[in-house]
């Protein structure tokens, strides 16, 4: 009976599969953070546009005093500072996403390398098993042929 295929590096392949899954999960988490920041930037822009529209409306109507103008100016400064912080965080998370993407791709390549090696070894093993089976069948056929020949010669010798 043919021996069963055993990949000697199976534990390493399992470890690399787990590593790939972890790296993929980390990449997804970083993308999630980046999406949250992008959403915050969109909401920030909406708030800023709303603020500027209300300020423009008050300016057009001329219904604000100096204290309101200072308050609006301070708020505008705060909005600018918040936007800079959000854009800075977005850049940091974009860099983090890129870094984690590189790690995920590397882990995937390392796993794929071992998977390809396993496939090659499995094919070689299968070819070896098929060759052994063919050799066995050839031997049985040869033995059967020799027995038939001997039987026919014995039969011919008895008949003569």
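Throughout, read-outs are computed from the coordinates displayed, never taken from laboratory work. Being a predicted model, the structure only gives us computed values, none of them experimental. Cβ coordinates were reconstructed from backbone atoms using ideal geometry, including for glycine residues, and neighbour counts include every protein chain displayed.
General remarks:
- Ellipticity estimate at 222 nm from DSSP helix runs (n ≥ 4, -39,500 (n - 2.57)) divided over the chain, nearest 500: -35000 deg cm²/dmol
- Each residue, residue 67 and residue 149, gets one label point 7 Å from its Cα in the Cβ direction; the gap between the two is 12.1 nm.
- Normalised by residue count, the stretch 1-70 yields a Cα convex hull volume of 87 Å³ per residue.
- Taking Cα atoms only, the orientation of helix 10-61 departs from the longest principal axis of the chain by about 20 degrees.
- Ordering of 47-54, 26-33, 10-17, 141-148 by packing [mean C-beta count within 10 Å, highest first]: 26-33, 10-17, 47-54, 141-148
- Remark: the stretch 56-99 is approximated by an ellipsoid whose semi-axes, taken from the C-alpha gyration tensor as √(5λ), come to 36, 10, 4 Å, largest first.
- Note on residue 84/residue 38: beta-carbon distance plugged into 1/(1 + (r/R0)^6) with R0 of 22 Å gives a FRET efficiency of 0.90.
- With a simple spin-label model that places each label point 7 Å from the Cα along the Cα-to-Cβ direction, the separation between residue 8 and residue 95 comes to 4.4 nm.
- Two-decimal Rg/Rh across the chain, once Rg and the Kirkwood Rh are taken from alpha-carbon atoms: 1.63
- Extension reserve of the residue 135-residue 58 stretch, reckoned as 0.36 nm per residue once the Cα distance is removed: 18.1 nm
- The Stokes-Einstein estimate for the stretch 76-151, based on a Kirkwood radius over Cα pairs and taken at 10 °C with 1.306 mPa s viscosity, is a diffusion coefficient of 85 µm²/s.
- Remark: the residue 105-residue 142 segment gains 7.8 nm on full extension, using 0.36 nm per residue and subtracting the alpha carbon distance.
- When each of 129, 63 is scored by the number of other beta-carbon atoms lying within 10 Å, the sequence from fewest to most is 63, 129.
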